[in-house]
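Down below is the structure, laid out as C-alpha cells.
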Amino acid sequence: MHYQNKLRVGAAQINTTLGDVDHNLERHLALIAEAQRDHVELLVFPELSLTGYRLASRVMQVGMPLEDPRLKALAEACGHMQTVVGFVEEASPGEYYNALAIFQHGQLIAVHRKLNLPTYGGLEEGKWFTHGSELTHTDICPGWSASQLICADLWNPALVHAALLARPTVLCAPINSASGIVSDDFSNEENWALNTRFYAMTYGTPVIMANRFGPEGESHFWGGSRILGPCGETLAQADNKEALIVADLSRTAIAKARFELPTHRDADTPLVRELMAGYR
C-alpha cells in the first residue's frame, strides 16, 4: 500500500455563542469551506464548539441525537476532509455526553465521549454530563490515523498513554480553556503549552490543539490553538483572535522521532498492567 508522506491539518480557533447551535453551525460551515479551499485533510474544532461551554441546565436544550439534521449538514459539508466538531450528544432522554462528532466522506464516522469530566475550580461537568468509557481511533487516509481526546482527558496521563498505544499518527486535542478557571495560581496558558508539548515529544506524535477565543459570560477563552510536530516543535499557532491555522505534517518526521525515542516500542504494557493490578 502506498502511504502519503504529507498530511495537511488545521485547527479552527473560534468563539462560540452560548446555547445558539444554529448560529454556531453557520460559523462552522464557513470555516469548513475555508479549510477545504486550503486543501486541509484533517480539521479540528474546539470542545463543545457547537454549543459553548457553561451550559449548566441548558445541556438539555442543546443536546443532539446522532440523527439530528444539523449533524447531517456538517457531514455533507466536510466531504472527504476528516473534521472533528464538539457537541452535546443526547444518547437517550436525560443522558448527555460532552462529545466529538467526527465526519468524513459525507458521513458521521465516529463519536468520542469525554472520559474525564472535571469537577474542580470553576469546572462542574460531572454535574451535567455522563462520562464516556471508550477510546476513539479513526483512519484518515493510507498511513495516517488519529486518536481524539477532549480537554481534561489530557490531564489524566493514563488515558493519554492508553489512547496513544494504538499508534495514531496524530493526536486531536479539542479544548475549552478559560483563563483562571482552575484557580488564580494555575496558568492554563502556560500549562497547556507544557502538556501538549510533552505528549508530542514523548510519543513522537503531532498534536492539534484547538481552543476557543473570546468571552463567554465572565469567562475569557484565551485561544493559543497550536499544531505541534512530533518533537514538540510548534508548526503553527493562532494569534489572539478567531483564526484558522494550518500546517503540513510529515510521516518521515514522525518515524524519525519515534525511532530516536521509542516510547511506543518500550511501553511494556503487560508489565504496566501487572503493576496496576493492585490499585483501584
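The values are calculated or read from the model by the stated rules, or taken from the named source; none is laboratory data. All figures in this text were calculated on a predicted structure; none of them were measured in a lab. Every residue, glycine among them, receives a Cβ derived from its backbone with ideal geometry; neighbour counts consider all protein chains shown. Ligands, DNA and RNA are stripped out before the accessible areas are found, and what is left, the full protein with its side chains, is counted by its heavy atoms. Shrake-Rupley method; radii C 1.70, N 1.55, O 1.52, S 1.80 Å.
Among the residues making up region 251-280, those that are assigned to a helix (DSSP H, G or I), at pLDDT 95 or above and either in contact with a Cys (Cβ under 6 Å, 6 or more places away or on another chain) or open to solvent by less than 100 Å² (accessible area, probe 1.4 Å) (or both) are R251, T252, A253, I254, A255, A257, R258. Screening region 17-37 for residues that are of a type outside the set (D, E, K, R) and assigned to a loop (DSSP other than H, G, I, E, B) and picking the one that is farthest from R212 (Cα to Cα) gives G19. If the condition is being surrounded by 15 or more Cβ atoms within 10 Å (Cβ to Cβ) and charged (D, E, K, R), then region 71-89 contributes K72, E89. Reported count of residues in region 51-70, each being open to solvent by less than 10 Å² (accessible area, probe 1.4 Å), among the aliphatic types (A, V, I, L, M) and in contact with a Leu (Cβ under 8 Å, 6 or more places away or on another chain), is 3. For region 213-226, the criterion of being acidic (D, E), open to solvent by 80 Å² or more (accessible area, probe 1.4 Å) and closer than 24 Å to Q4 by Cβ is met by none of the residues. If you go through region 34-76 and keep only what is within 27 Å of G224 (Cα to Cα), in contact with a helix residue (DSSP H, G or I) (Cβ under 7 Å, 6 or more places away or on another chain) and among the aliphatic types (A, V, I, L, M), you end up with L43, L50, L55, V62, L74.
Restricting I227, I140, I181, I208 to residues that are of a type outside the set (K, R) and out of contact with any strand residue (DSSP E or B) (no Cβ under 6 Å at 6 or more places or on another chain) narrows the list to I181. Restricting the first member to region 150-171 and to residues that are at negative phi and touching a residue at least 40 places away in the same chain (Cβ under 8 Å), and the second to residues that are surrounded by fewer than 22 Cβ atoms within 10 Å (Cβ to Cβ) and assigned to a loop (DSSP other than H, G, I, E, B), the beta-carbon pairs closer than 7 Å and six or more apart or on different chains are W155/N116; N156/N116; L159/L115; L159/N116; L165/A267. Candidates in region 195-230 are the residues that are more than 17 Å from the chain's Cα centre (by Cα) and charged (D, E, K, R); of these, the one that is nearest to R251 (Cα to Cα) is E216. In region 72-98, the residues that are touching a residue at least 12 places away in the same chain (Cβ under 8 Å) reach residues that are in a loop (DSSP other than H, G, I, E, B) and of a type in the set (S, T, Y) with C-beta atoms within less than 6 angstrom, at least six apart or across chains, in these pairs: V85/S49; G86/S49; V88/T51; E95/T130; Y97/T130.
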